[in-house]
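To keep things clear, I will list the structure first and then write my remarks on it.
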Amino acid sequence: MKYILTSTFAFMLGFTTLINAQAPHAFTYQAVVRNADGEPIEDGEISVQITILREDSAVYQEEHFGVETHKGLFAISVGEGDTDDNLSAIDWQNGAYYLKVKADKNGGTDFLDIGEKARLLSVPYALYAENSGNAHWEKREGSSDIFYPDRVGIGISDPADPLEVLGTMRVTGMGNHYKLRFFATTPTHDNQILSYDQNRDRMWVVVMGDRDQEDNFVIDRPDNGKHDFVINSSGNVGIGVSNPGSPFHLHTTSDDNGLRITTQGNQEEIRLHLAGNANDPPENHYGFLSLGGGTKLRGNGRPSVFTGKVEVDVLQINGGGDGAEYFNVKKSGSLEPGSLVVIDDESAGKLKVSSSPYDPRVAGVISGAGGVRPGITLEQKEVLEGDELVSLWGRVYVKATTKNGKIKPGDLLTSSDIPGHVMKARKRKKSRGAIIGKALSSLEAGEGLVLLLIQPQ
C-alpha cells in the first residue's frame, strides 16, 4: 500500500536558545500520513524511517518507533531517533541535501515510501551556526576595518583593559617573519616594547635595533640611567653595562658581592667578593680573579690557589678533622659513615667492612660520621679512584661496641665480630698489627660512636 504524505518542518530553535544555551542537535519534522483514498490513517502508533541524502547518497539514517498519530498527524525530532550515525558530523556547508521519509503504519520495520525526497533548505543548516563556520567581519567605512568603542575580553567576561586575554595568545606574522609590537603613543625606537604602571620604578623597556648601537637587544628601566641586560651584535651578554666587551660582562656599582651563586634555601655555593680596581689596586685591594694563567684566586693576607705546584709556609685547614682517600669498598648492609674497614684480600687494592676480632688487615674508617668532615681528601683521577671516602689519619668518629669492656679515652681499639665496629683491645699478642688507633671519648655500654685518633699499629 502506498501512503500519501503531507509534511512540514518546524524550528525548535529560538533566538533566546541560541544565545543562552547550546542548541540541540536535532530539528522537528511533522507530517500527515493518508491512505490511498487521501484520508488520514487511523489513530495509533507507527514507525518512521528518516534518511538524509547528499545528492543521491545517504549520509544519515535513523528510525523512530512508537510514534503516535492523531488524524494521521505525527511529529518527530530528526536527530533523536535510533541510529549509528552522527547528525552533527554532516558537512552542511557543502552540497545539496535531501530528506527521504518512509513509514510502517503497523509500527514495524516494513517501511514504505510516503512521498518523494524533499530538499532541505534552511532548517538543519542552523545547526552549523553553532560552530560559526568561517565567519568574517565586514569591512567598515573609515580608517579602520574593525572598530569597537569599548573593552574587549577573550576568555574573560569583565575585561579591565581595552583588550584582555585570559589564557595563551598567539600572534603569527606574514611569511617567514615574526612581528609583535607594543608602542607608546610616539615610539622613539624600532621594535620597541614598553611595559609600565604608575610607578616608574616598575617600568621597563625592551628594544631591538637602534637603542645605542645597531642590532642590540636591550632590557632596561629608563629611570635608572643604565641597561639591565644587553645582547649586542657580537653575541656578547652584558648585565649593568651598555656595551659588553666579553662573552659575559657583569658590572656592579658596589665593591663587593659582584657574583653570588646560591642553592635552594638561599645557601651560598659560590661567592666572589671583589673590592678595588684590579688595574690600579689600592693598598687594601683584595679579591682578584683571573681566568687564565697560573693564578685562579688571590686575596689579601689569605692563602692563594694556583694550578700546578703549590708552596706555602703555613697551611691552615678549618673544614675538617681527618685526612681521607677514595677507595673502592665492597658493598654490604653495614657499610656507612663510621664503619671500620679492612683490606680485602680477595680484591687487590680494595677494602671491605670488618667482621672479625683482632683483624690485622684494619685500614681505616668510612668518613663522615658524627658530622666530622675530612680536612684533606686525596685521589688520583683515572689511576687510584674509588667510590668511598676512607679516613686514614686524624680524628674521626667510629662505630664501637663494649662487648670487650667499657671504652675510655686512651684505650687501644681493634676490630670486633660485629661488622664495622671497633672494641677495646685486651690481648696484646693478638693486637699486634690489629690496632686502628686510640679512643678520644668514652662508651659505657652497648653500641655507639667513639671519637677515634687513627694510629694503626
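The values are calculated or read from the model by the stated rules, or taken from the named source; none is laboratory data. On a predicted model such as this, the values are computed, not experimentally measured, just so you know. For neighbour counting, all protein chains shown are included, and Cβ atoms are generated from backbone atoms with ideal geometry for every residue, glycine included.
With the structure loaded, tell me whether Gly108 is at pLDDT 85 or above and in a loop (DSSP other than H, G, I, E, B) or whether it fails that test.
Values: at pLDDT 85 or above: yes; in a loop (DSSP other than H, G, I, E, B): yes.
Yes.
Out of Ser416, Ser391, one residue alone is over 13 Å from Ser367 (Cα atoms) and surrounded by 21 or more Cβ atoms within 10 Å (Cβ to Cβ). It is Ser416.
Determine whether region 58-65 contains at least one residue that is over 20 Å from Gly107 (Cβ atoms), at pLDDT 90 or above and small (Gly, Ala, Ser). Yes, there is a match, as at least one residue in region 58-65 is over 20 Å from Gly107 (Cβ atoms), at pLDDT 90 or above and small (Gly, Ala, Ser). Thr377 meets each of the listed conditions (1) of a type in the set (S, T, N, Q); (2) closer than 28 Å to Arg426 by Cα; (3) surrounded by 15 or more Cβ atoms within 10 Å (Cβ to Cβ) apart from (2).
Can Val48 be described as within 58 Å of the chain's Cα centre (by Cα), surrounded by 14 or more Cβ atoms within 10 Å (Cβ to Cβ) and either in a strand (DSSP E or B) or of a type outside the set (Gly, Ala, Ser) (or both)?
For Val48, the condition - within 58 Å of the chain's Cα centre (by Cα), surrounded by 14 or more Cβ atoms within 10 Å (Cβ to Cβ) and either in a strand (DSSP E or B) or of a type outside the set (Gly, Ala, Ser) (or both) - is met.
With the requirement that a residue be aliphatic (A, V, I, L, M) and more than 18 Å from Arg119 (Cβ to Cβ), what does region 36-69 give you? It would help to see each step written out before you state the result.
Narrowing region 36-69 to residues aliphatic (A, V, I, L, M): 36, 41, 46, 48, 50, 52-53, 58-59, 67.
Within region 36-69, Ala36, Ile41, Ile46, Val48, Val67 meet the criteria.
Determine whether Glu80 is at pLDDT 90 or above, surrounded by 12 or more Cβ atoms within 10 Å (Cβ to Cβ) and out of contact with any strand residue (DSSP E or B) (no Cβ under 6 Å at 6 or more places or on another chain). In short, yes. With the structure loaded, tell me whether Glu444 is surrounded by fewer than 15 Cβ atoms within 10 Å (Cβ to Cβ) and closer than 24 Å to Lys330 by Cβ or whether it fails that test. When the stated conditions are applied, Glu444 does not pass them. Can you pull out every residue in region 344-374 that is under 17 Å from Gly433 (Cβ atoms) and surrounded by fewer than 17 Cβ atoms within 10 Å (Cβ to Cβ)? Result: Asp345, Ser356, Pro360, Arg361.
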